[in-house]
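These notes concern the structure reproduced below.
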Amino acid sequence: MKIDLLKMVENGGCSAKISPVQLEEMLKFLPLPEDPNILVNIDTRDDAGVYKVNEQLALVFTTDFFPPVCSDPYEFGQIAAANSISDVYAMGGTPVIALNIMMFPSAKLPVEAYGDILKGGSDKASEAGTRIIGGHTIDDFTPKYGLAVIGYIHPDKIITNSGAKPGDCLILTKPLGTGVILAGQRLNIAADSDVNEALRLMKLLNKSGAEVMVKYNIRGATDITGFGLAGHSLKMAKASSVSITLNMNRVPLIGNTYALIDQGCIPGAAFRNLDYAEKDTVFDPDLDYNLKMAAFDAQTSGGLLISVPGRKEKELLLELKNSGLTSSAVIGNVSDFNGKALLLI
């Protein structure tokens, strides 16, 4: 029996996140514990929390899960695991152990599909050198899967949202367009080659990008997921008290992403992200509307956005490309705060 998980969801992947506007309101009610060993919490809206164990070791802790972004259970497991582990990589950490998080409609899907999702997650975690040692499952109509992940990092080498500095260049390691292309697939207007490339990129670990960041002593980065390139750039700019400029003509796009947007294939999550960022963003009058919406497209298991001191830019970019991240590109820069956190040109 062939299973198509997409028939059981309305919004899949990171497009299923609640809007960043709602999230900001919800976080106001979250009490923060006072503990000198908490090195990173939600104050800077970072990718994960960090807790200091001793002078040489801190733990990076994160969790992520979402509904299916593709039809095949095994492939869904791979993508969800890669996305969950990415938050540890974004902070320069080494993922070590994880727990499964699974919501599964036992009356609707055969147990074999459940097993394939777990197998996909396990295989991707193994590729990352991460051991899944348990988890939790509940019965729920819409399938959902992800991981809670713990990684190791040195307390003095944490990469955060707040580490961008004026004069830095910004490098993006994966092209944009997963949200648009998967929406196009649902409408039967996306090319199979584009869908396959989007799936390949979502399964691609950010491991090599993290290794390059650590090698070059990078201090500011994030990964691009549900809030889109613009939304995550804005969070970085606010956390770092700087202004960020993104040149959308330099941003790599997957396949026919631009043409799909031109046809009106713009997922609702892009408009939610735009609503969140608009008040803090300056849009160049000559900015192409299609590229503007690409900036807000919700990505699933997207690439790293790395804030790089200018003197390291060319060498670091070359290493990223040589590591397999061939679409890596310099897409913007960081400056002193000029009244608006984000500028799209």
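Miscellaneous remarks
- For q = 0.21 Å⁻¹, Debye-computed log10 I/I(0) when each Cα of segment 223-345 counts as one equal scatterer: -1.31
- Electrostatic dipole magnitude of segment 5-153 [Cβ: Lys, Arg +1; Asp, Glu -1; Cα centre; debye, to 20]: 200
- Scanning residues 5 or more positions from residue 190 or on other chains, those with amide H under 5 Å from its amide H are 185, with H placed 1.01 Å from N in the peptide plane.
- Under 5 Å, built H, 5+ apart or other chain: amide partners of residue 253: 176
- For segment 89-248: rounded, prolate or oblate by the Cα gyration tensor [a/c cutoff 1.5]: oblate
- Long-range HN-HN contacts of residue 38 with modeled amide H, under 5 Å: 52
- Near residue 341, once Lys and Arg are set to +1 and Asp and Glu to -1 for all other residues with Cβ below 13 Å from its Cβ, the sum equals +2.
- Scoring 31-37, 275-281, 131-137 by mean Cβ neighbours within 10 Å over their residues and listing the highest first yields 275-281, 131-137, 31-37.
- For segment 1-153, fraction of C-alpha pairs farther apart than 20 Å, in %: 52
- Mean Cβ neighbour count within 10 Å, used as a protection proxy, ranking 294-304, 159-169 highest first: 294-304, 159-169
- Projecting the Cα positions of 125, 294, 196 onto the charge dipole of the chain (unit charges on Cβ atoms of Lys, Arg, Asp and Glu, taken about the Cα centre) puts 125 furthest along the positive direction.
- Of the options (1) 19.2; (2) 20.1; (3) 22.9, only one is Kirkwood radius over Cα pairs in Å as computed from these coordinates, and that is (2).
- Of 203/235; 28/292; 17/238; 203/279, those spanning more than 23 Å from alpha-carbon to alpha-carbon: 203/235; 28/292; 203/279
Values quoted throughout were computed directly from the atomic coordinates according to the rules given, and no laboratory measurement underlies them. Only a predicted model underlies this, so the values are computations on that prediction, with no experimental measurement involved. We place every Cβ from the backbone using ideal geometry, glycine too, and count neighbours over all the protein chains shown.
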